[in-house]
Amino acid sequence: MGAADRVGAGFVGDVVYDQIGHMKASSFSVVWVFVFLHAAMALEAQSIAQLYAAQAFHRMKNSPKKVEAVGRLKENNWFVVDTFILLDNTMEFQKTDLAPFIDDNGSVVFLVAEASPEYPGGDVAMQKVFSDLLGNIVSGPQDEVHSTIAIKFLVNEDGRVTEVGTAQEHPEWISAARIETCLSAINTMPKWRPGLYEGKPVRVKMLATINLKE
């Protein structure tokens, strides 16, 4: 274990999947979860796998049902297991730790909250920002996705966006200029509605994915 802290250990898969829908044999489900302080690695606390796993809860509407789902996950120790169906029809399980962590400044950062941070105008408005900047190479709902730019950032208690950076290495055919354009767009975003836990604003690590047609 490293310098960061997280809380809880373990997992109950049925509880997780009941909150977001039944798992299909041809796919796998990922969720994001919420925890309290205990030992964990700083890098692990914001890995691309964890940030992608958090997306399932980001997509849940902020509501009492979501608060209940987070509470149920808390009762089951805040790990989630993703299920993969292999080509030979056997099942493989991958355990993901989505605990909050303490950053280099000694502040607690969450990967999930009872109310997720929200961009002004919602996802549609944020998608329009990238479409306006990058043009028609941004995939629409009916378009085939050729590649994805993944960017991580922090939404602070006051809604400010900071700590913007790439979340993973990108393939060579995505130009550095396009990636930099996306980074600049997020760096200059207006304040978000901050994430909440127990009614109080909290710092939440987020992931933005921009799908490209080429």
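Only the coordinates and a few stated rules stand behind these numbers; no lab work does. Values in this document were obtained by computation on a predicted structure and should not be read as measured data. Cβ sites come from the backbone with ideal geometry, for glycine too, and all protein chains shown count toward neighbours.
Kindly identify the stretch 82-214 as rounded, prolate or oblate by the Cα gyration tensor criterion: order the square roots of the eigenvalues as a ≥ b ≥ c, call it rounded if a/c is under 1.5, otherwise compare a/b with b/c, prolate if a/b is larger, else oblate.
oblate
Pull out a ≥ b ≥ c, the square roots of the eigenvalues of the alpha-carbon gyration tensor of the stretch 90-133, then state rounded if a/c is under 1.5, prolate if not and a/b is larger than b/c, and oblate in the remaining case.
oblate
Using r as the Cβ-Cβ distance of T148 and K200, and R0 as 25 Å, what FRET efficiency do you calculate, to the nearest 0.05?
0.15
In the stretch 113-214, what chymotrypsin sites (Phe, Trp or Tyr not before Pro) fall in a loop by DSSP, with at most 14 other Cβ atoms inside 10 Å?
The qualifying sites are W173.
Which trypsin sites (Lys or Arg not before Pro) in the stretch 59-102 sit in a loop by DSSP (not H, G, I, E or B) and have at most 14 other Cβ atoms within 10 Å of their own Cβ?
Within the stretch 59-102, the qualifying trypsin sites (Lys or Arg not before Pro) (loop, at most 14 other Cβ atoms within 10 Å) are R59, K61.
Over 30 Å between Cα atoms: which of K74/K128; K66/K95; K65/K152; K61/K152; K61/K213 fall into that group?
Where the Cα-Cα span goes over 30 Å, the pairs concerned are K74/K128.
Given just the C-alpha atoms of the stretch 141-214, how large is their convex hull per residue in cubic angstrom?
102 Å³
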